[in-house]
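To keep things clear, I will list the structure first and then write my remarks on it.
The values are calculated or read from the model by the stated rules, or taken from the named source; none is laboratory data. Just so it is clear, the structure is predicted and the values come from calculations on it, not from any experiment. Here the Cβ positions follow ideal geometry from the backbone for every residue, glycine too, while neighbour counts run over all protein chains shown. Remember, those area values only see protein heavy atoms, side chains included, never the ligands or the DNA or RNA. Shrake-Rupley method; radii C 1.70, N 1.55, O 1.52, S 1.80 Å.
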Amino acid sequence: MKLLLTGFVPFLNHKINPTEEIVKALDSETINGYTIETRVLPVDFKASEQELLKEIDERKPDAVIMLGLAAGRSKITPERIAINVKDGAKDNSGFAPVDQPIVEGGPDGLFSTLPIRKMVDTLNESYLPAKISNTAGTYLCNNMMYVALHEASRANDSFKAGFIHLPASHELAIENPALPSMSLDDLKRTVRICIEAL
Ligand code: PCA
């Protein structure tokens, strides 16, 4: 089986994005019968959507797990739902959508099809603090989650998909001491455990 694992490049005032390092570290590993293929997405509403859909079309994954940085959160947070709204700060291309639908006429919300409760329980049992999040925001991460789930709902050969927001890494917290953080090793272990839960 094939798993597409995505992360993002740095954005806003964050000099690094730990999700980029995590997906690069896990590339080509086989976990729980899934061979991991990876892609680091741009923080750009238009380009990231096109790139994600192209990857899904070409690679035909059995599952898609997307990772994003949620600087300020203290726990690993698998997202429950993506909503059909894009609204937020400027992306890396300078575009800032205001109250726009992601898919014109699409459903208001789309639920993750990843086993998010099992992921959270297994992470907590492994002493990695986690909880389900009921909002992925309205920025790039929600956008990508919605796009993947919408594609999965249309595809004949469907796939599981969902999004996991991660806290800052220690490296980011050195730059900004107010941020709760986890070690990069724990964040990589987190992603391996989530893949085991599939
Ligand atoms: N986090 C942002 C976008 C890129 C990332 O890693 C978000 O939560 O929307």
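Please verify whether Leu172 is part of a helix (DSSP H, G or I) and modelled with pLDDT of 95 or more, treating the condition exactly as stated.
So Leu172 fits the description; yes.
Have a look at Ala136, Ala82 and point out the one that is within 14 Å of the chain's Cα centre (by Cα) and within 10 Å of the ligand (Cβ to nearest atom).
Checking each option against the conditions leaves just Ala136.
Within region 154-198, which residues are out of contact with any Cys (no Cβ under 9 Å at 6 or more places or on another chain), open to solvent by less than 10 Å² (accessible area, probe 1.4 Å) and not aliphatic (A, V, I, L, M)?
Once the filter is applied, which keeps residues that are out of contact with any Cys (no Cβ under 9 Å at 6 or more places or on another chain), open to solvent by less than 10 Å² (accessible area, probe 1.4 Å) and not aliphatic (A, V, I, L, M), region 154-198 yields Gly162, Pro167, Ser169, Thr190, Cys194.
For region 44-76, name all the residues that are away from the ligand (no atom under 14 Å from the Cβ), in contact with a Pro (Cβ under 6 Å, 6 or more places away or on another chain) and not small (Gly, Ala, Ser).
Scanning region 44-76 gives a single hit, Lys75.
Yes/no per residue for (1) open to solvent by 30 Å² or more (accessible area, probe 1.4 Å); (2) in a strand (DSSP E or B):
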position	(1), (2)
Ala82	no, yes
Phe95	yes, no
Val103	yes, no
Met119	no, no
Thr122	yes, no
Tyr127	yes, no
Ala136	no, no
Cys141	no, no
Glu151	yes, no
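Return the residue satisfying two criteria in turn: it lies in region 1-18 and is more than 9 Å from the ligand (Cβ to nearest atom) and open to solvent by 10 Å² or more (accessible area, probe 1.4 Å), and of such residues it is farthest from Glu55 (Cα to Cα).
The selected residue is Asn13.
Please work out which one of (1) part of a strand (DSSP E or B); (2) more than 22 Å from Ser169 (Cβ to Cβ); (3) open to solvent by 40 Å² or more (accessible area, probe 1.4 Å) is the condition Gln50 fails and give its number.
The single condition Gln50 does not satisfy is (1).
Looking at region 105-117 only, could you name the residues that are of a type in the set (Gly, Ala, Ser), part of a loop (DSSP other than H, G, I, E, B) and open to solvent by less than 70 Å² (accessible area, probe 1.4 Å)?
Scanning region 105-117 gives Gly106, Ser112.
Please give the number of the condition Glu21 fails out of (1) more than 11 Å from the ligand (Cβ to nearest atom); (2) crowded, with 17+ Cβ neighbours inside 10 Å; (3) within 30 Å of Pro101 (Cβ to Cβ); (4) not polar (S, T, N, Q).
(3)
For Met145, work out the one condition from (1) open to solvent by less than 70 Å² (accessible area, probe 1.4 Å); (2) farther than 18 Å from Asp62 by Cβ; (3) within 16 Å of the ligand (Cβ to nearest atom); (4) touching a Phe, Trp or Tyr at 6+ places or on another chain (Cβ under 8 Å) it doesn't fulfil.
Failing condition for Met145: (2).
Determine whether Thr35 is assigned to a strand (DSSP E or B) and open to solvent by 30 Å² or more (accessible area, probe 1.4 Å).
Taking the combined requirement at face value, the residue satisfies it.
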